[in-house]
Amino acid sequence: MSEVKKPVFQPNAEFSKTARVKNMSEYQALQDEAINDYEGFWKRFAEEKINWIEPFTTTLDESKFPFVKWFDGGKLNVTTQCIDRHLDTRGDKTAIIFEGDRGDTQTITYSELSKNVNKFANLLKEDFGVKKGDRVVIYMPMIPEVAYAMLACARIGAIHSIVFGGFSAEALKDRIIDADAKVVITADGAFRKNKPYMLKTVVDAALEGDTPVKKVLVIERNKEEITWVKGRDFSYAELIKDKSEKCEAEIMDSEDPLFLLYTSGSTGKPKGVQHNTAGYILWAQMTMEWVFDVKENDTYWCTADVGWITGHTYIVYGPLAMGATTVMFEGVPTYPDAGRPWKMVQEHKITQFYTAPTAIRVLHKMGEDEPKKYDLSSLKVLGTVGEPIDPPAWKWYYEEVGNSKCSIVDTYWQTETGGHIISPLPGATPIKPGCATLPVPGIIAEILDPVTGKKVGLGESGYMCITRPWPSMIRGVWGDEERFVKSYFSDVKKDGKAVYFTGDGAKYDEDGYITITGRTDDVINVSGHRMGTAEVEAAINKDNNVAEVAVVGKPHEIKGEGIFAYIVLKSSVENEDAERKSINSIIKKEIGSIALCDDIVFAPGLPKTRSGKIMRRILRSIAKGEAITQDISTLEDPSIVAKIEAMVNG
Ligand code: PRX
């Protein structure tokens with residue numbers, strides 16, 4: 001890499017001195033090592049980092065690409081890596097600091113974590129008959145038991161599938177059925193803004209009718225009254241009482257599945273992204289060490305929900321694998337006021353703080369001066385994830401939260417990548433606002449021209465691809481091999497060979513830094529969460545008055561992108577606002593509040609090609625208020641464009 005020319009923010013020199021990667025020469029040496037001897041690089045780190053029960057025999061088997069095997073022959077258990085191996089040296093160290101919505105706190109040491117996880121694992125085995133390979137759905141709030149539940153599954157080789165607590169009963173049911181899960185772990189509910197909210201009622205609704213679920217475990221958090229279905233629902237507090245604190249870890253193969261996590265694509269139903277054991281935990285740990293540079297006495301806080309990949313890798317698995325102290329927060333960042341996170345940073349002496357641009361924008365807007373009220377001097381590294389961060393939010397985060405002394409690691413990755421792919425390293429990489437910078441060492445990420453498959457030049461844009469398999473890559477779409485290949489390995493070829501395409505566009509700047517420019521497909525990024533247009537459209541189509549619908553993303557001040565729906569009604573309705581409400585309530589029922597539409601326009605028709613394809617690009621331009629530059633002469637009815645434009649933009 002040539003020297004970075006533009007005005008940039010250099011890493012804090014004091015911090016760099018003790019960082020794991022101290023400067024760009026060290027960064028480059030690591031990346032060169034990977035480029036020159038790819039398998040040797042990964043073999044070295046897998047041997048160094050993982051406590052193997054039996055060593056692996058092959059580093060990478062690509063013979064059935066894109067179905068690859070990493071560290072074949074190796075035997076391990078992720079909970080041994082995350083818990084047991086720390087017990088001798090870190091038994092009394094705090095593993096998890098929990099802070100509840102109402103300010104209640106709990107600290108859980110590694111030895112307590114071990115006991116809790118083992119008891120939970122014994123419960124799943126003995127009372128619920130859960131065995132290796134069984135799927136367990138977890139629908140939980142942010143309380144320590146969610147980490148116990150995940151790790152208990154991993155302990156006995158069961159595959160967990162966490163469904164974000166904001167998803168509706170219908171969405172939960174779909175995921176339960178797709179994974180053929182026989183157990184659901186949930187809670188009565190939890191607290192948000194000092195009020196109880198319920199989850200068990202959603203589980204009850206999801207389990208109406210035919211489902212594979214035989215047993216439901218309920219953790220009592222808010223102690224609100226709930227319905228207990230006899231023979232199906234069981235109290236965690238009751239069952240856990242007499243369980244042994246010892247539970248042998250199931251011996252897992254490197255490529256045994258660890259978890260499923262459903263995520264949206266551009267077409268059809270959400271996909272069950274599968275991650276396997278060894279490669280996932282290795283990269284979770286390595287990126288914790290490199291990207292957050294967490295040290296032995298640090299206290300690290302990631303504000304994500306465990307229902308998303310960020311919560312999996314960077315609240316639970318990554319921090320625990322490296323023996324760190326990880327903070328888990330039940331509440332919302334703006335309650336009781338927009339100083340809450342900064343109060344928590346002060347109280348827990350947080351050293352690394354990791355959140356989404358949406359949260360930064362909200363905290364900036366609602367509490368610009370709040371950071372000044374607290375002692376934030378413990379902070380060393382700030383992180384962002386999930387969506388591009390805009391310069392004003394970046395500047396405020398850097399100056400007011402980080403006191404212009406903390407690197408901001410703008411981490412680019414996806415559910416499918418398991419861990420960070422492109423990110424600054426805080427002691428090494430000079431950073432630029434809104435720029436994910438460079439591949440993390442070991443990741444061969446390149447921006448390719450989608451037509452020629454060649455790497456694009458400086459200043460040029462293309463498709464963000466990963467051209468070699470990496471250990472924590474998605475191993476499959478649950479139950480659908482064809483969709484796995486089609487979704488990720490069929491758009492771009494390099495030297496005639498299919499490569500992994502992220503679905504994002506990206507651009508190299510004049511220094512070779514990578515800026516992610518956004519999705520190239522029909523995926524909308526709402527508050528850093530992926531929503532498929534097809535999913536939202538399928539929900540809207542359930543409204544009896546709807547004849548046709550197309551949804552697109554529209555820039556949103558806080559959420560990054562909001563959802564904009566163009567709807568053609570079967571016949572006009574008397575009260576359009578009531579119809580809008582009814583459409584949003586269907587979305588809430590089918591998917592959840594995260595997919596509610598910000599704008600609903602009742603259009604006279606949709607711009608379609610003569611073959612019937614909806615031209616979403618035109619609809620996106622209209623939603624943004626942009627001039628239409630596309631050729632519309634080939635549309636079935638070109639006049640529709642002006643009509644919709646007049647309705648939306650006047
Ligand atoms: O479009 C990219 C965006 O989020 C997508 C991945 O979403 P998901 O699988 O839900 O995972 C989110 C947490 C990793 C990507 O395809 N994205 C993620 N990180 C960034 C980003 N866009 C810009 N900058 C980022 N740092």
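Residues being among the aliphatic types (A, V, I, L, M) and either within 12 Å of the ligand (Cβ to nearest atom) or more than 19 Å from the chain's Cα centre (by Cα) (or both): count how many of those fall in region 250-277.
Residues flagged as among the aliphatic types (A, V, I, L, M) and either within 12 Å of the ligand (Cβ to nearest atom) or more than 19 Å from the chain's Cα centre (by Cα) (or both) within region 250-277 amount to 4.
Here are some conditions: (1) modelled with pLDDT under 95; (2) within 27 Å of GLU250 (Cα to Cα). GLU54 meets all but one. Which one does it not meet?
If we test GLU54 against (1) modelled with pLDDT under 95; (2) within 27 Å of GLU250 (Cα to Cα), just (1) comes out false.
Of the conditions (1) away from the ligand (no atom under 15 Å from the Cβ); (2) assigned to a loop (DSSP other than H, G, I, E, B), CYS435 satisfies every one except a single condition; which number is it?
Failed condition: (1).
Can you tell me which condition THR417 does not meet? The list is (1) more than 21 Å from GLY339 (Cα to Cα); (2) open to solvent by less than 20 Å² (accessible area, probe 1.4 Å); (3) away from the ligand (no atom under 16 Å from the Cβ), and all the others hold.
With respect to (1) more than 21 Å from GLY339 (Cα to Cα); (2) open to solvent by less than 20 Å² (accessible area, probe 1.4 Å); (3) away from the ligand (no atom under 16 Å from the Cβ), THR417 is out only on (3).
So in region 356-366, with the set limited to residues that are under 21 Å from VAL409 (Cα atoms) and not aliphatic (A, V, I, L, M), which one is nearest to the ligand (Cβ to nearest atom)?
Pass one, region 356-366, residues under 21 Å from VAL409 (Cα atoms): 356-364.
Then keep just the ones that are not aliphatic (A, V, I, L, M); that gives 357-358, 361, 364.
Values: PRO357: 8, THR358: 11, ARG361: 14, HIS364: 17 Å.
If we take residues in region 356-366 being under 21 Å from VAL409 (Cα atoms) and not aliphatic (A, V, I, L, M), then PRO357 is nearest to the ligand (Cβ to nearest atom).
Checking HIS348 against (1) open to solvent by 10 Å² or more (accessible area, probe 1.4 Å); (2) within 16 Å of the ligand (Cβ to nearest atom); (3) in contact with a strand residue (DSSP E or B) (Cβ under 7 Å, 6 or more places away or on another chain): exactly one of these is not met. Which one?
Checking HIS348 against (1) open to solvent by 10 Å² or more (accessible area, probe 1.4 Å); (2) within 16 Å of the ligand (Cβ to nearest atom); (3) in contact with a strand residue (DSSP E or B) (Cβ under 7 Å, 6 or more places away or on another chain), the one that fails is (2).
Report whether or not GLY311 is within 16 Å of the ligand (Cβ to nearest atom), touching a strand residue (DSSP E or B) at 6+ places or on another chain (Cβ under 9 Å), closer than 19 Å to HIS556 by Cβ and not polar (S, T, N, Q).
On the way: within 16 Å of the ligand (Cβ to nearest atom): yes; touching a strand residue (DSSP E or B) at 6+ places or on another chain (Cβ under 9 Å): yes; closer than 19 Å to HIS556 by Cβ: no; not polar (S, T, N, Q): yes.
Against the criterion (within 16 Å of the ligand (Cβ to nearest atom), touching a strand residue (DSSP E or B) at 6+ places or on another chain (Cβ under 9 Å), closer than 19 Å to HIS556 by Cβ and not polar (S, T, N, Q)), GLY311 does not qualify.
Limited to region 393-413, what total is found for residues that are in a loop (DSSP other than H, G, I, E, B) and open to solvent by 10 Å² or more (accessible area, probe 1.4 Å)?
Within region 393-413, residues that are in a loop (DSSP other than H, G, I, E, B) and open to solvent by 10 Å² or more (accessible area, probe 1.4 Å) number 4.
From (1) assigned to a loop (DSSP other than H, G, I, E, B); (2) more than 30 Å from GLU170 (Cα to Cα), pick out the condition that doesn't hold for GLU574.
(2)
Enumerate the pairs (first residue in region 300-324 and farther than 19 Å from THR277 by Cβ and free of Cβ contacts under 8 Å to residues at least 60 places away in the same chain; second residue anywhere and part of a loop (DSSP other than H, G, I, E, B) and within 16 Å of the ligand (Cβ to nearest atom)) with beta-carbon separation below 9 Å, excluding pairs fewer than 6 apart on the same chain, so at least 6 apart or on different chains.
Sorted first by the residue in region 300-324, then by its partner, the pairs are THR303/ALA356.
Given the conditions (1) farther than 22 Å from GLN285 by Cα; (2) touching a residue at least 24 places away in the same chain (Cβ under 8 Å); (3) buried (at least 20 other Cβ atoms within 10 Å of the Cβ), which single one is not true for ASP375?
Exception for ASP375: condition (3).
Given the options ASP509, ASP491, name the one that is open to solvent by 10 Å² or more (accessible area, probe 1.4 Å), within 14 Å of the ligand (Cβ to nearest atom) and of a type outside the set (Gly, Ala, Ser).
Sole residue among the options that is open to solvent by 10 Å² or more (accessible area, probe 1.4 Å), within 14 Å of the ligand (Cβ to nearest atom) and of a type outside the set (Gly, Ala, Ser): ASP491.
Identify, by number, the condition in (1) open to solvent by less than 40 Å² (accessible area, probe 1.4 Å); (2) among the polar types (S, T, N, Q); (3) closer than 27 Å to ASN297 by Cβ that ASN122 doesn't meet.
(3)
Right, GLY434: under 22 Å from the mean Cα position of the chain (by Cα) and surrounded by fewer than 19 Cβ atoms within 10 Å (Cβ to Cβ) or not?
yes
Suppose we filter ASP390, ASP369 for residues that are within 13 Å of the ligand (Cβ to nearest atom) and either farther than 28 Å from LYS349 by Cα or surrounded by fewer than 24 Cβ atoms within 10 Å (Cβ to Cβ) (or both); which single one remains?
ASP390
So which of GLY553, GLY518, GLY503 ends up being within 16 Å of the ligand (Cβ to nearest atom) and either under 21 Å from ILE640 (Cβ atoms) or in a helix (DSSP H, G or I) (or both)?
The conditions single out GLY553.
Does region 46-86 hold any residues that are farther than 26 Å from LEU113 by Cα and touching a residue at least 60 places away in the same chain (Cβ under 8 Å), and which are they?
Once the filter is applied, which keeps residues that are farther than 26 Å from LEU113 by Cα and touching a residue at least 60 places away in the same chain (Cβ under 8 Å), region 46-86 yields PHE56, LEU60, GLU62, PHE65, PRO66, PHE67, VAL68, LYS69, TRP70, PHE71, ASP72, GLY73.
Check region 467-475 and report whether any residue there is more than 30 Å from ASP134 (Cβ to Cβ) and open to solvent by 50 Å² or more (accessible area, probe 1.4 Å).
Yes, there is a match, as at least one residue in region 467-475 is more than 30 Å from ASP134 (Cβ to Cβ) and open to solvent by 50 Å² or more (accessible area, probe 1.4 Å).
Can you pull out the residues in region 378-387 that are within 16 Å of the ligand (Cβ to nearest atom), assigned to a loop (DSSP other than H, G, I, E, B) and crowded, with 24+ Cβ neighbours inside 10 Å?
Passing the criteria: only GLY386.
Restricting attention to region 180-234, report how many residues are in a strand (DSSP E or B) and open to solvent by 30 Å² or more (accessible area, probe 1.4 Å).
Result for region 180-234: 7.
Kindly indicate whether any position in region 566-585 is of a type outside the set (Val, Ile, Thr) and within 16 Å of the ligand (Cβ to nearest atom).
If we filter region 566-585 for residues that are of a type outside the set (Val, Ile, Thr), which is where we start, we get 566, 569-572, 574-582, 584-585.
Add one more test, that the residue is within 16 Å of the ligand (Cβ to nearest atom), and what stays is none.
Within region 566-585, not a single residue is of a type outside the set (Val, Ile, Thr) and within 16 Å of the ligand (Cβ to nearest atom).
Hey, does region 299-318 have a residue that's buried (at least 24 other Cβ atoms within 10 Å of the Cβ) and over 23 Å from GLU99 (Cβ atoms)?
The answer is no, given that none of the residues of region 299-318 is buried (at least 24 other Cβ atoms within 10 Å of the Cβ) and over 23 Å from GLU99 (Cβ atoms).
Looking at region 288-304, which of its residues are touching a Pro at 6+ places or on another chain (Cβ under 9 Å) and either within 12 Å of the ligand (Cβ to nearest atom) or within 24 Å of ARG340 (Cβ to Cβ) (or both)?
Keep residues of region 288-304 that are touching a Pro at 6+ places or on another chain (Cβ under 9 Å), which gives 288, 290-294, 300-303.
Correct list: VAL291, PHE292, VAL294, TYR300, TRP301, CYS302, THR303.
Is one or more of the residues making up region 556-563 within 10 Å of the ligand (Cβ to nearest atom) and open to solvent by less than 50 Å² (accessible area, probe 1.4 Å)?
yes
So which of ASP242, ASP253, ASP337 is open to solvent by 20 Å² or more (accessible area, probe 1.4 Å), without any contact (Cβ under 8 Å) to a residue 12 or more places away in the chain and more than 24 Å from GLN414 (Cα to Cα)?
ASP242
What about LEU199, is it within 16 Å of the ligand (Cβ to nearest atom) and under 28 Å from ARG530 (Cα atoms)?
no
Pull up region 30-88, narrow it to residues that are among the hydroxyl-bearing types (Ser, Thr, Tyr) and in a strand (DSSP E or B), then point me to the one that is nearest to SER472 (Cα to Cα).
THR59
Being open to solvent by 10 Å² or more (accessible area, probe 1.4 Å), farther than 16 Å from TRP413 by Cβ and either in a loop (DSSP other than H, G, I, E, B) or touching a helix residue (DSSP H, G or I) at 6+ places or on another chain (Cβ under 6 Å) (or both) is the filter here, so list the residues in region 438-466 that pass it.
ASP449, PRO450, VAL451, THR452, LYS454, VAL456, GLY457, LEU458, GLY459, GLU460
The values are calculated or read from the model by the stated rules, or taken from the named source; none is laboratory data. All values derive from a computational prediction rather than experimental measurement. Every residue, glycine among them, receives a Cβ derived from its backbone with ideal geometry; neighbour counts consider all protein chains shown. Just the protein is used for accessible areas: all its heavy atoms, side chains included, with ligands, DNA and RNA removed. Shrake-Rupley method; radii C 1.70, N 1.55, O 1.52, S 1.80 Å.
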